[in-house]
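Report on one structure; see the data block that follows.
The values are calculated or read from the model by the stated rules, or taken from the named source; none is laboratory data. Because the structure is a prediction, the values reported are computed rather than measured. Here the Cβ is made from the backbone with ideal geometry for all residues, glycine too, and neighbour counts use every protein chain on show.
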Amino acid sequence: MSFLELLTGKKKDLKKKDEPQIASVFPGEIFETGAMELEDVIAPSAVKFSPREINLGEKIARTLFVMSYPRFLPDNWFSPVVNLDKVFDVSIFIHPIDTQAILRKFQKKVAEVQSQIHMREEKGFVRDPVLDTAYQDLEDLRDKLQQAQERLFDIGLYVTIYADTREELDKTESEVKSLLESKLIYLRPAVFQQGEGFKSSLPTATDLLGVYSKLNSSPLSSLFPFISFDLTSDRGILYGVNRHNSSLVLFDRYSLENYNSIIFAKSGSGKSYATKLEILRTLMFDTEVIVIDPEREYEYMAEAVGGRYFNISLTSEHHINPFDLPVPREDESSADVLRGNIVNLVGLFRIMLGGLTAEEDAIIDRAITETYALKDITPEADFSKVTVPLLSDFELVLGGMEGAESLAQRLSKYARGTWAGFINQPTNVQTDKKFTVFSVRDMEDELKPAAMYIITHHIWNLVRKDLRKRLLVIDEAWWMMKSEDTASFLFSVAKRGRKYYLGVATITQDVGDFLRSPYGIPIITNSSIQLLLKQSPTAIDGVQKTFNLTDEEKYLLLESDIGEGIFFAGMKHVAIKIIASYAEDQIITSDPSQLISIKKAKKEKDEIV
């Protein structure tokens, strides 16, 4: 029997090979006779039927049917089977029953049950609870059928499981049975009907097994197989509300394989609002939060929670020296720390100088090493007792090197020119609070990628120096994705952060720039939590392809309101709505009208005091 015959029960109408009629057959018919058909491609190498299973080539299949249901079916009772991490097919056949015909049968059945009850009463027997319950159920269902509140159906529920060995097949069958029998739902294998059972499980809408149980509308609705995951746990923070079932989305990012997250959303869709809300709730769990803020959105929040706010610009009093060195940890050597810092500085100068040739790259690398050596900083030095150099020291070394004249001239504007206040200063920022914000809003656009690189590098040195539970938030990360060096460094921090108990939250509205970077997709795949809020029509196709969204999820993102979207955590995802309390909203809002009202109220209060 061919695989086509197994599926349809029909035989191919082909001429026998030994018929000597080739001369009278048209060329087109000869081609069709020898052509490979779809069933030849998908068919297994062999099929063998047994009383309890079917051998499909190297796989074994077994079909089970549900033979009995309890009196009451709880909601989502089929969820454990649907979400079981096994290979199986489920077929549900629903055959409506004519209400008038079933009412006539019910009338006869009610009369029989009522008669049995009266006979027992006349004989003086003790009341039978089974008969009383059956009578009440029949009368209740008959009333609802008559009033069109319910309908009755013949339900066939078949589960075909697959495995490589019979032992594995028996184990899977036991798992499925134990999950359902704990709810008083009993399954049996289709003994001597495995062929019919297998064909009934194929996507051909053909019910050949014909094993039915009668269910009315209410318990039938509990069988609905497309059950969304809940993201509710006994620890973590509240991210929002599940839009499908109104359950709370509670999750702990530090319980996943890495602690990173990423947020994609169009401007004005609530991405900063959602991030601030997470920060506010994360701070309550003894977590240190550091933010790189390109739009000065976190200043009021830093003030409200007693954090620190640093404005990094050309004229700012806050400075970060990129030559700073962290004290090596116990599992690190001074040589490794120095080497890693030199590599990062080469990347920084590549950004600042607009790119480097291979020769210039080698010169810069050697000049950095000599600059550290001027301050007696070598792979054997104790970094806790050294004085780190400044950019002016590096310029001095570079100016004395052969072939470095052009590099020294290009660097002069950072060391002695207009931009000297930005980078050629000792570090004077103190990150001794639970919440720290570095703002680069007032930094010129040309310098923002370099500024974000320097700040991120400074934070990375702090993280490596002292092991704590931390969250690094990089808002408008597309600034860093513009340069390959800044994108590479961000990816490195995201990839290595788990070792230092660091979670990296990357936020961007420019999805195109982010995905065009060679490090865009790797950063996404290294983020265990992803939050997609309302998307623009121009970016939605790229988002759909990147996150393997269905068309329904795609349109959900296009039609979402502010603060609505899809929340991914590991292998689970739900539709989410971000909700904050009134007190939280007053701290984290980005609405200009609200901010003006808050500042006005604060000013009036200060004047009264």
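Brief remarks follow.
Here's the yes/no breakdown for (1) closer than 16 Å to ARG296 by Cα; (2) buried (at least 21 other Cβ atoms within 10 Å of the Cβ):
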| position | (1), (2) |
| --- | --- |
| THR431 | no, no |
| ARG441 | yes, no |
| ASP445 | yes, no |
| ILE454 | no, yes |
| ASP475 | yes, yes |
| TRP479 | yes, yes |
| ASP510 | no, no |
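- For ALA487: the one exception among (1) touching a Phe, Trp or Tyr at 6+ places or on another chain (Cβ under 6 Å); (2) in a loop (DSSP other than H, G, I, E, B): (2)
- Region 558-575, residues that are touching a strand residue (DSSP E or B) at 6+ places or on another chain (Cβ under 6 Å), of a type in the set (A, V, I, L, M) and within 21 Å of PHE514 (Cβ to Cβ): ILE566, ALA569
- Consider region 117-137 and keep the residues that are in a loop (DSSP other than H, G, I, E, B) and hydrophobic (A, V, I, L, M, F, W, C). The one that is surrounded by the fewest Cβ atoms within 10 Å (Cβ to Cβ) is VAL126.
- Whichever residue in region 63-85 is loosely packed, with under 15 Cβ neighbours inside 10 Å and at pLDDT 80 or above and, among such residues, is farthest from ILE185 (Cα to Cα): MET67
- Candidate set: region 521-579, residues that are surrounded by 13 or more Cβ atoms within 10 Å (Cβ to Cβ) and among the basic types (Lys, Arg); chosen: the one nearest to VAL249 (Cα to Cα): LYS577
- Residue in region 454-467 that is assigned to a loop (DSSP other than H, G, I, E, B), assigned by TED's automatic domain parsing to the domain that holds GLY503 and either within 17 Å of ARG308 (Cβ to Cβ) or in contact with a helix residue (DSSP H, G or I) (Cβ under 7 Å, 6 or more places away or on another chain) (or both) present: yes
- Lone unmet requirement of (1) in contact (Cβ under 8 Å) with a residue 24 or more places away in the chain; (2) not assigned by TED's automatic domain parsing to the domain that holds LEU502 for GLY417: (1)
- Within region 303-318, the set of residues being surrounded by fewer than 17 Cβ atoms within 10 Å (Cβ to Cβ) and touching a Ser or Thr at 6+ places or on another chain (Cβ under 8 Å) comprises just one member, LEU314.
- LEU471 part of a strand (DSSP E or B) and closer than 25 Å to GLY497 by Cα: yes
- Evaluation of THR436 against the conditions (1) under 18 Å from ASP324 (Cα atoms); (2) not in a loop (DSSP other than H, G, I, E, B) shows that the sole unmet condition is (1).
- For region 502-535, residues that are in contact (Cβ under 8 Å) with a residue 60 or more places away in the chain and more than 17 Å from the chain's Cα centre (by Cα) total 3.
- Among all residues of region 60-78, there is none that is more than 17 Å from LYS214 (Cα to Cα) and free of Cβ contacts under 8 Å to residues at least 60 places away in the same chain.
- Candidates SER384, SER439 - the one that is in the same structural domain as GLU476 (by TED's automatic domain parsing) and under 44 Å from the mean Cα position of the chain (by Cα): SER439
- In region 487-535, residue nearest to SER560 (Cα to Cα) [restricted to those that are in contact with an Asp or Glu (Cβ under 9 Å, 6 or more places away or on another chain) and among the basic types (Lys, Arg)]: LYS534
- Positions within region 282-317 being more than 30 Å from GLY268 (Cβ to Cβ) and over 31 Å from the mean Cα position of the chain (by Cα), in sequence order: THR315, GLU317
- Filter result for ASP485 (under 31 Å from the mean Cα position of the chain (by Cα), at pLDDT below 85 and acidic (Asp, Glu)): yes
- In region 166-215, residue surrounded by the most Cβ atoms within 10 Å (Cβ to Cβ) [restricted to those that are small (Gly, Ala, Ser) and not in a helix (DSSP H, G or I)]: ALA190
- Helices (runs of 4 or more DSSP H) lying entirely in region 329-427 (those with 2 or more residues that are at pLDDT below 85): 405-415, 420-423
- Count of residues meeting criterion [of a type in the set (Ser, Thr, Tyr), surrounded by 11 or more Cβ atoms within 10 Å (Cβ to Cβ) and not in a strand (DSSP E or B)] in region 86-116: 1
- Criterion: in contact (Cβ under 8 Å) with a residue 24 or more places away in the chain, among the acidic types (Asp, Glu) and surrounded by 21 or more Cβ atoms within 10 Å (Cβ to Cβ) - qualifying residue of GLU295, GLU288, GLU360, GLU299: GLU288
- Pairs where the first residue, in region 317-333, is of a type in the set (Val, Ile, Thr) and the second is in a loop (DSSP other than H, G, I, E, B), C-beta under 8 Å, 6+ apart: ILE320/ILE312; ILE320/THR427; ILE320/VAL429
- Positions within region 33-75 being in a strand (DSSP E or B), more than 37 Å from the chain's Cα centre (by Cα) and β-branched (Val, Ile, Thr), in sequence order: VAL47, ILE54
- Test: LYS375 is touching a helix residue (DSSP H, G or I) at 6+ places or on another chain (Cβ under 8 Å) and among the basic types (Lys, Arg): yes
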